[in-house]
Amino acid sequence: MSEKSIDKISHQERKSSTTNYSKQNSRFDIQTLQTANGWGYQISQNGKMLIDQQSIPGRAGIQGFQTENDARNVANLVCAKLKAKIFPPTVSEDDLKNLNIH
C-alpha cells in the first residue's frame, strides 16, 4: 500500500463518526461521512447496511449536507422512522425544514 493510499484512508477515518441506537434486538448504527459533494450518512442494522445516503434525501440532485451535524440529524430522523416501522423511511421537504436543513 502506498503512502498516498494510507493518507487517503486516514483522511476518510477522520471525516466519519458513528452513533449506535438500540431497540430490543435491533441495533441501528449511524455513520456520517464526508463526500465530494458534502456530508452523507449510512445506517446499518445489526451490522447489515440498510441505507447509504450520500445526498440530501427528498431533493433533486446529488448535493450532500452542508455539515456533519445536518447529516446526523436527518439520519436520526430516519432511524426514528425505522424504529416506528415506517418503511421506506422517506424524508419530506417539511422534515428537512423542521431540522433547519438548507
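Numerical summary
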item: Fully extended contour minus Cα-Cα distance, from Ser55 to Thr67, at 0.36 nm per residue; result: 3.1 nm
item: Zone residues, segment 34-75, relative to Lys97, backbone N less than 18 Å from point 7 Å out along Cα-to-Cβ; result: 57-60, 74
item: Modelled FRET efficiency - R0 22 Å, Asn37 with Phe87, Cβ distances, 0.05 increments; result: 0.25
item: Ranked Lys81, Lys48, criterion: other C-beta atoms within 10 Å, fewest first; result: Lys48, Lys81
item: Overall Cα dimensions of segment 22-78, principal axis frame, Å, largest first; result: 35, 19, 18
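Here, each number is a calculation from the coordinates, and none is a lab measurement. Please read all numbers here as calculations on a predicted model, not as lab measurements. All Cβ positions, even for glycine, are placed from backbone atoms using ideal geometry, and neighbour counts span all protein chains on display.
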